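Colleague: Encoded as structure tokens, here's the structure I'll be asking about.
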Amino acid sequence: MLAERGIHRSQKQCHRGQLVGITLDVSAALLCPVKHSKLTHMHTRPAVLTSLAMGIRLSHTYPTPAKRAHELLSDDTLRPLFNAVDPSSCLNASAAATPQPQLTSPSQTNLKRYNYNTRVTMLIIGLTGGIATGKSTVSSLLSSPPNPLPILDADVIAREVVLPGTPAYRAIVSHFSPTVPDLLEDDGTLNRAALGRAVFGESEDAKRERKVLNGITHPAVKRALVWGVLKAWVRGEWAVVLDVPLLFEGGLDKFCGATVLVACDLKIQKERLLQRNPHLSEEEADQRIASQLSLEDKRRRANIVIENDGSLEDLERSVRGVVEALKPWGLVTLMEWLIPGFGLWMAGKEWLMRNYWRGERKAKL
Ligand SMILES: CC(C)(COP(=O)(O)OP(=O)(O)OC[C@H]1O[C@@H](n2cnc3c(N)ncnc32)[C@H](O)[C@@H]1O)[C@@H](O)C(=O)NCCC(=O)NCCS
Ligand SMILES: Nc1ncnc2c1ncn2[C@@H]1O[C@H](COP(=O)(O)OP(=O)(O)OP(=O)(O)O)[C@@H](O)[C@H]1O
């Protein structure tokens, strides 16, 4: 069923910017000879030496999260998931031309371009979505047992880097205090509602001020994310989740092995936003939504789309499916470490495909 729908071809599209992965993998080979020597000496030594000498990572291409999901779930369970694949994302022209059945349930996981190259050391999962679509809810599910993943939440970090005394705080006060009179609370912290009113919206002024605020906060947020990723890698996590609302806008998706979008209908998004932030007027809610790349654009860019229009139970089910699909395959991992030629072949293939795919992407956007 999956092959008919061209799902198998779409893997060529998702070999994307993985400099972090490459660096981590080469570093792993350099730093972890002990770990590798736990495997058969005769085989692992040439594997490690080859990867070091060539300076090429032994990539982890898992062409088959979908196949894995297929094995775990029945065809009936999977059908609604794969029905949701955007035909334009398939390379297979005949599959793209096939009429696509409509979504059959309100909350589904859209697994597309599913070959999110997991790697020896750690998979970086970029979690994003529009404002109030449910990223934090998904994050908390991902960080819960039985398979808790470490989460780096950009919103939380963005709050920390603007605490009084930080360079970002000083820069914000210096730039915004002349135009935002109520910029500071009594205790000296930023009045976030007032700052929000100054930067959200589609007017030229708001756009300019948002650019300034992003220019101040984003470098600090990115630095904190890099540290967080390194710490997770040192701890030996198999994956780390970057919960970043502006993942695509800020170009951070280039460093992710997989990108997961939490999306929902615009009307539901606005309702959830107003319910969660009752101090916002309808107009302010619209302005916040309009300050981000549209969900349609994000849908086109993401590897996985979680449609969060249904209940929390639906969402929980979708998240479980995503984790299963992303989990590494032990056998391929072992093969790549044991057989250097196989690992190198995978790395070369990936390099070619990544470049090919990036060309495609530029042409499409
Ligand atoms: C403007 C600020 C003060 C408003 O604070 P407030 O407490 O009302 O909102 P909060 O920070 O909780 O953000 C809520 C949501 O708004 C959206 N959002 C926040 N900043 C931005 C932005 N610069 N552009 C577009 N959307 C944004 C995100 O979806 C975020 O999840 C604050 O959002 C901020 O400092 N933004 C700049 C830093 C940033 O870009 N943060 C996002 C993660 S990198
Ligand atoms: N499936 C769902 N059913 C009902 N309510 C939901 C569902 N998913 C999320 N919500 C609610 O919607 C609101 C927004 O969700 P959440 O805070 O997770 O969004 P977010 O994308 O992280 O928002 P932000 O971009 O502002 O950080 C919350 O009040 C949450 O409880």
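Colleague: What nm value, rounded to one decimal, do you get for the distance between TRP227 and VAL173 when each label is placed 7 Å out toward the C-beta?
Modeller: The two pseudo-label positions are separated by 2.1 nm.
Colleague: Can you run phi through the Karplus equation (6.51, -1.76, 1.60; θ = phi - 60°) for segment 234-241 and list ³J(HN,Hα) in whole Hz, with x for Gly and Pro?
Modeller: Result, ordered by residue: 4, 6, x, 5, 7, 7, 9, 10 Hz.
Colleague: Another one. Would you mind computing, in nm to one decimal, how far apart the modelled labels at ARG317 and LYS254 are, each placed 7 Å from Cα along Cα→Cβ?
Modeller: For the pair ARG317/LYS254, the computed spacing is 3.9 nm.
Colleague: Sticking with this structure for a sec: So how much slack lies between LYS211 and HIS279, counting 0.36 nm per residue of separation and subtracting their Cα-Cα distance, in nm?
Modeller: 22.1 nm
Colleague: Beyond 14 Å, what share of the Cα-Cα pairs of segment 198-255 remains, rounded to the nearest whole percent?
Modeller: That fraction is 64 percent.
Colleague: Between beta-carbons, use under 14 Å as the cut-off and find the net charge around ILE151, counting Lys and Arg +1, Asp and Glu -1.
Modeller: Neighbourhood net charge equals -1.
Colleague: Work from the charge dipole of segment 185-227 (Cβ charges, +1 for Lys and Arg, -1 for Asp and Glu, about the Cα centre) and give the residue of ALA224, THR189, PHE200 farthest towards its positive end.
Modeller: Selected residue: ALA224.
Colleague: Would you mind counting up the charge near ASN191? Only other residues with Cβ under 15 Å from its Cβ, with Lys and Arg at +1 and Asp and Glu at -1.
Modeller: Local charge sum for ASN191: -3.
Colleague: If we count every other residue with Cβ under 10 angstrom of VAL262's Cβ, Lys/Arg +1 and Asp/Glu -1, where does the sum land?
Modeller: Net of charged neighbours comes to 0.
Colleague: If I take R0 = 35 Å and measure r between the Cβ atoms of LEU266 and LYS327 in this structure, what FRET efficiency does the formula 1/(1 + (r/R0)^6) give, to the nearest 0.05?
Modeller: 0.60
Colleague: Also, quick follow-up: Mind listing the phi-derived Karplus ³J(HN,Hα) values for segment 285-298, rounded to whole Hz, using 6.51, -1.76 and 1.60 with θ = phi - 60°, and x for any glycine or proline?
Modeller: Listing the rounded values in order: 4, 4, 4, 5, 5, 6, 7, 10, 4, 5, 4, 5, 4, 5 Hz.
Colleague: What is the ratio of the Cα radius of gyration of segment 154-234 to 2.2 N^0.38 Å, with N the residue count, to two decimals?
Modeller: 1.17
Colleague: Which ³J(HN,Hα) values in Hz, rounded to whole numbers, follow from the phi angles of segment 204-213 under the Karplus curve 6.51 cos²θ - 1.76 cosθ + 1.60, where θ = phi - 60° and Gly and Pro get x?
Modeller: 3J(HN,Hα) across segment 204-213, in whole Hz: 4, 4, 4, 4, 5, 5, 5, 4, 5, 4.
Colleague: Ranked highest first by average number of other Cβ atoms within 10 Å, how do 250-257, 183-190, 215-222, 290-297 line up?
Modeller: 250-257, 215-222, 290-297, 183-190
Colleague: Calculated FRET efficiency, TRP238 and ILE339, Cβ-Cβ r, R0 30 Å, to nearest 0.05?
Modeller: So, using R0 = 30 Å, E works out to roughly 0.90.
Colleague: Taking R0 as 30 Å, what's the FRET efficiency between ASN191 and VAL156 from their Cβ-Cβ distance, rounded to 0.05?
Modeller: Efficiency at R0 = 30 Å is approximately 0.95.
Colleague: Sticking with this structure for a sec: Cα centroids of segment 171-199 and segment 258-283: how far apart, whole angstrom?
Modeller: Centre-to-centre (Cα) distance: 24 Å.
Colleague: Still on this structure, please answer the following. If amide hydrogens are placed 1.01 Å from N in the peptide plane, which non-local residues have theirs closer than 5 Å to the one on ALA239?
Modeller: Under 5 Å from the amide H of ALA239 lie the amide H atoms of LEU123, each far enough along the sequence or on another chain.
Bear in mind these aren't lab numbers, they're just calculated from the coordinates by the rules spelled out. Source: prediction; values computed, not measured. Cβ sites come from the backbone with ideal geometry, for glycine too, and all protein chains shown count toward neighbours.
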